[in-house]
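The numbers here are math on the coordinates, done by the rules we state, and not lab data. As the structure is a computational prediction, the values presented were derived from the model and not from experiment. Virtual Cβ from ideal backbone geometry, glycine too; neighbours counted across all protein chains shown.
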């Protein structure tokens with residue numbers, strides 16, 4: 001199966017998304033690196049027991065990859081929902 005690259009609808013938003021991910025994951029208690037925003041995924045992978053390596057990870061199962069991405073993306077979505085609820089209160 002060919003690897004799919006996910007593209008942002010607004011490519012210039014990459015920096016803002018990385019900052020948001022760093023903020024959310026720092027609030028979750030993870031160490032974040034502003035120079036390398038993807039570093040946190042290795043910390044999450046260690047926590048959930050997924051053997052994530054730098055470079056090729058083609059041997060990971062979908063379940064393992066989902067444990068890492070789900071933890072990060074889920075935390076980001078929860079924060080976005082919380083922010084939207086705050087806006088609706090105003």
Item checked: Ordering of 51-61, 16-26 by burial proxy (mean other Cβ atoms within 10 Å per residue, highest first) -> 16-26, 51-61
Note to self: Here are a few candidate values for Cα extents along the principal axes in Å: (1) 45, 23, 18; (2) 48, 29, 26; (3) 62, 25, 10. Which one was actually calculated from the structure I just gave you?
What the structure shows: (2)
Next item on the list: Could you work out how far helix 39-48 tilts from the main Cα principal axis of the chain, as a 0 to 90 degree angle to the nearest 10?
Entry: 70
Check: How far, in degrees from 0 to 90, does helix 62-89 lean away from the longest principal axis of the Cα atoms of the chain, to the nearest 10?
Finding: 0
Check: At what distance in nm do the modelled label points of residue 27 and residue 78 sit from each other, each positioned 7 Å from its Cα along Cα→Cβ?
Finding: 1.0
Check: How far apart, in nm, are the 7 Å Cα→Cβ label points at residue 6 and residue 54?
Finding: 2.3
Next item on the list: Measure out, as a whole number of angstrom, how far apart the alpha-carbon centroids of the range 49-63 and the range 65-84 sit.
Entry: 20
